[in-house]
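First comes the structure, then the notes that go with it.
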Amino acid sequence: MAQIIDGKAVSVAVKEEVAAEAAKLKEENGLKVGLAVVIVGNDSASRVYVNNKKKACETVGFQSYEYALDENTTQEQLLDLVNVLNRDDRVNGILVQLPLPAHIDEKAVINAISPDKDVDAFHPVNVGKIMIGEYAFLPCTPAGVMRLIESTGVDITGKQCVVVGRSNIVGKPQSMLLLQKNGTVTICHSKTKNLKEICLTADILVVAIGKAKFITGDMIKEGAVVIDVGMDRDENGKLCGDVDFESAEKKAGYITPVPGGVGPMTIAMLMKNTLTAAKQQNGIG
Ligand code: NAP
């Protein structure tokens, strides 16, 4: 039976670290870390995410600035706001909640955010820096996954790592981070042949495909570390992951549950990135 990786507990530890550093910045440098969160329209899931991010800011002692814009906001208006926030010294990090309404070009908005304030690490400059290993910010979800793997005490060096999914926000950067930690990385996607055989080679298996309970116990190597990024709904509408937890936990050595695994880590790492941004912008090492 696998040991459960407690994402909630690890995320609390990360937020405590960030809160302690934020308090020190305030005391020693008179600096209050600020995160601007921009939401456009009325998407209910986005509203929940934004509220959670604001709550996390309160927990760690940051100032959050919310900009809730109407569904009909034009791309030009949104770009104008991003430019204002780029110049606002109170704002250390800028997060534009995705998805945006269809009439707005997400890429144009991401590219407009100053790379120094791009705490989601979606800007091409930050993506490029991840490729060469000289990054300031890591995309929050893959960074959270790395922290969860670290919490198991399993050394990535020389391990067979399989990442299922190649999205720009999870699969690709995840693969780079595992590679930087000296894993031997295989990336799988919807056109991969023999997915089961490849998964069975994995000492560390990270799954981010968006398909409920798709990876089953018979695809998992005995004792593997299994990280489930998926946030899906099962046939009863209940939140579940991309991994079939019930069969997988019988094979894995360590496994993340859904909920309570990767999910809480994403926001914790966003707080960490915002702290890093504040320090960098103020020349604090
Ligand atoms: P995405 O952009 O839809 O990408 C899905 C990836 O999975 C694609 O690369 C796709 O391959 C691959 N895929 C789809 N079906 C497959 C199959 N049958 N076999 C192998 N690969 C397959 O999704 P995403 O944004 O990376 O998100 C993935 C999941 O993680 C979703 O459930 C999402 O909700 C969740 N998520 C959670 C968090 C969190 O904080 N916990 C954060 C982000 C995402 P192709 O490239 O060939 O199409």
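The values are calculated or read from the model by the stated rules, or taken from the named source; none is laboratory data. Source: prediction; values computed, not measured. Neighbour counts are summed over all protein chains in view; Cβ atoms, including those assigned to glycine, are modelled from backbone coordinates with ideal geometry. Only protein heavy atoms, including side chains, enter the accessible area calculation; ligands, DNA and RNA are left aside. Shrake-Rupley method; radii C 1.70, N 1.55, O 1.52, S 1.80 Å.
Figure legend. Inter-residue proximity from segment 244-272: first residues on the phi > 0 side of the Ramachandran plot and in contact (Cβ under 8 Å) with a residue 12 or more places away in the chain, second residues open to solvent by 20 Å² or more (accessible area, probe 1.4 Å) and within 14 Å of the ligand (Cβ to nearest atom), beta-carbon distance below 6 Å, spacing 6+ or different chains. Indicated pairs: Gly260/Lys8. Each residue in segment 233-263 was checked for being open to solvent by less than 20 Å² (accessible area, probe 1.4 Å), within 10 Å of the ligand (Cβ to nearest atom) and in contact with a helix residue (DSSP H, G or I) (Cβ under 7 Å, 6 or more places away or on another chain), and 3 pass.
Whenever a residue of segment 143-155 is of a type in the set (S, T, N, Q), its partners that are buried (at least 16 other Cβ atoms within 10 Å of the Cβ), lying with C-beta atoms within less than 6 angstrom and at least six residues away or across chains, give the pairs Ser151/Val10; Thr152/Val225; Thr152/Tyr254. Within segment 117-166, being open to solvent by 30 Å² or more (accessible area, probe 1.4 Å), under 28 Å from Gly93 (Cα atoms), of a type in the set (A, V, I, L, M) and in a loop (DSSP other than H, G, I, E, B) holds for Ala136, Leu138. Among all positions in segment 264-274, there is at least one residue which is over 30 Å from Arg87 (Cβ atoms), open to solvent by 20 Å² or more (accessible area, probe 1.4 Å), at pLDDT 95 or above and of a type outside the set (Asp, Glu).
Among the residues of segment 69-86, write down those that are out of contact with any helix residue (DSSP H, G or I) (no Cβ under 8 Å at 6 or more places or on another chain) and surrounded by fewer than 18 Cβ atoms within 10 Å (Cβ to Cβ).
Asp70, Glu71, Asn72, Thr74, Glu76, Gln77, Asp80, Val84
In segment 1-53, which residue that is basic (Lys, Arg) and under 21 Å from the mean Cα position of the chain (by Cα) is surrounded by the most Cβ atoms within 10 Å (Cβ to Cβ)? Selected residue: Lys53. Scan segment 206-232 for residues that are more than 10 Å from the ligand (Cβ to nearest atom) and either surrounded by fewer than 19 Cβ atoms within 10 Å (Cβ to Cβ) or more than 20 Å from the chain's Cα centre (by Cα) (or both) and the total you get is 10.
Among the residues of segment 185-205, write down those that are more than 10 Å from the ligand (Cβ to nearest atom), more than 24 Å from the chain's Cα centre (by Cα) and part of a loop (DSSP other than H, G, I, E, B). Hits for segment 185-205 are Lys193, Asn194, Thr201. When each of Lys107, Lys172 is tested for being more than 11 Å from the ligand (Cβ to nearest atom) and open to solvent by 60 Å² or more (accessible area, probe 1.4 Å), the lone residue that passes is Lys107.
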